[in-house]
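The values are calculated or read from the model by the stated rules, or taken from the named source; none is laboratory data. For clarity, every value in this text was computed on a predicted model and none was experimentally measured. When we count neighbours, we look across all protein chains shown, and the Cβ atoms used for this are built from the backbone with ideal geometry, even at glycine.
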Amino acid sequence: MFRFVDKALLKMVGLVAAMAVIAAGCGGSGGGGDAGGGTLDDYDLSDAEIAVGSKDFTEQQILGQITVKALEAAGASVNDQVGLAGTNAAREALLNGEIDTYWEYTGTGWITHLGNTDPITDSKKQYESVKKADLKENDIEWLEPAPFNNTYALAVREEAYKDLGVEKLSDMGKLIKERPEEATVCIESEFNTRDDGLPGLEKTYGYKFEKGNKSLVDTGVVYTQTDKGKCNFGEVFTTDGRIKALGLKLIKDDKKFFPIYNPSFNVRKDVLKDNPDLKPLATDIAKALDTKTMQDLNASVDVDGESYDAAADKFLEDNGFIK
């Protein structure tokens, strides 16, 4: 009898050890996917009620839906307000308590929201500066940013690239002077007025596009109009999947005018204090959002026609956050 029990115990100990090894291989608590293993139900937000917002363009809609689904997977009750009108609308909603969180870009925070005129070219220093200032002035927490940089750029269709002779933004001045009718640009209304948009670009490089050569169109239309040659140049976001799909070439920003735009999970200080698991959850998601991942997600919507929901689900599943 003793020998039988002894063998049974040994088998049980071996089984427990094996299960421990398997569990370690699959990841423990503290988040998902490439960032650390495990799933979002490792976090406890079961008592949280969180309103999630975003801006209204593709990347922001995807980031917003990733956030909604991630928080729900962690047990939170989510008020989905993804797809607000634009930068100012999202920011005001956060400051006024209409939403509790959204993803904002470090360059936008530094220039647009905090009123600085000079961007910081070092990614880490830019993040640390905006994080410190916004917390002090507005009680807004900037959590660890994703590694991708979705900055502005001007793009040109590949077949016109050599003929126009604009390989870097400094070259644009010569084109405007010698062939002004060729210096046409498609831009969105927000880019037309932002200090980190066209006004700042023109000031930095010392030239101005003629008023009749500027076409104000919706964000998505910029890409198609530029591809069709309706405008020779178009304002684009560097992580947009349509750049590659349409064969557009980016014009080099040789004076490094455009700020660094790493996205960070913005949340009010009081909301983060009440829900401490938000910080590690957001950090794990941010770490998985590299440049290629974001470009592929954007392309899945804008090129392949998937929904924002489908893109968000794919990201969360591919990175092991949800099953």
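Of all residues assigned to the stretch 89-106, none qualifies as being assigned to a strand (DSSP E or B), among the acidic types (Asp, Glu) and either at pLDDT below 95 or surrounded by fewer than 18 Cβ atoms within 10 Å (Cβ to Cβ) (or both). Condition first: surrounded by fewer than 19 Cβ atoms within 10 Å (Cβ to Cβ) and either at positive phi or not assigned by TED's automatic domain parsing to the domain that holds residue 241 (or both). Can you find one or more residues in the stretch 64-71 that meet it? Checked against the condition, which is being surrounded by fewer than 19 Cβ atoms within 10 Å (Cβ to Cβ) and either at positive phi or not assigned by TED's automatic domain parsing to the domain that holds residue 241 (or both), the stretch 64-71 yields no hits at all.
Quick one: which helices (runs of 4 or more DSSP H) sit completely within the stretch 211-321 and have at least 3 residues that are surrounded by 22 or more Cβ atoms within 10 Å (Cβ to Cβ)? Let's see the steps before the verdict.
Values: elements: 219-228, 242-245, 269-274, 278-287, 291-302, 308-318.
Qualifying helices (runs of 4 or more DSSP H): 219-228, 278-287, 291-302, 308-318.
When the stretch 107-131 is examined, which residues are found to be over 19 Å from residue 269 (Cα atoms) and either basic (Lys, Arg) or not in a loop (DSSP other than H, G, I, E, B) (or both)? Before you say what the answer is, go through the steps one by one.
Filtering the stretch 107-131 for residues over 19 Å from residue 269 (Cα atoms) gives 107-108, 111-112, 115-126.
Residues satisfying the conditions are 107, 108, 111, 112, 123, 124, 125, 126.
Here residue 177 meets each of (1) at pLDDT below 95; (2) in a helix (DSSP H, G or I) with one exception, condition (1). Here residue 189 fulfils each of the conditions (1) assigned to a loop (DSSP other than H, G, I, E, B); (2) modelled with pLDDT of 95 or more apart from (2).
For the stretch 140-170, the tally of residues that are outside the structural domain of residue 119 (by TED's automatic domain parsing), in contact with a helix residue (DSSP H, G or I) (Cβ under 9 Å, 6 or more places away or on another chain), in contact (Cβ under 8 Å) with a residue 24 or more places away in the chain and of a type in the set (D, E, K, R) stands at 2. Among the conditions (1) in the same structural domain as residue 111 (by TED's automatic domain parsing); (2) farther than 20 Å from residue 87 by Cα; (3) touching a Phe, Trp or Tyr at 6+ places or on another chain (Cβ under 9 Å), residue 177 misses just one, which is (1). Scanning the stretch 96-121 for residues that are touching a residue at least 60 places away in the same chain (Cβ under 8 Å) and out of contact with any strand residue (DSSP E or B) (no Cβ under 8 Å at 6 or more places or on another chain) yields 107, 108, 110, 111, 112, 117, 119, 120, 121.
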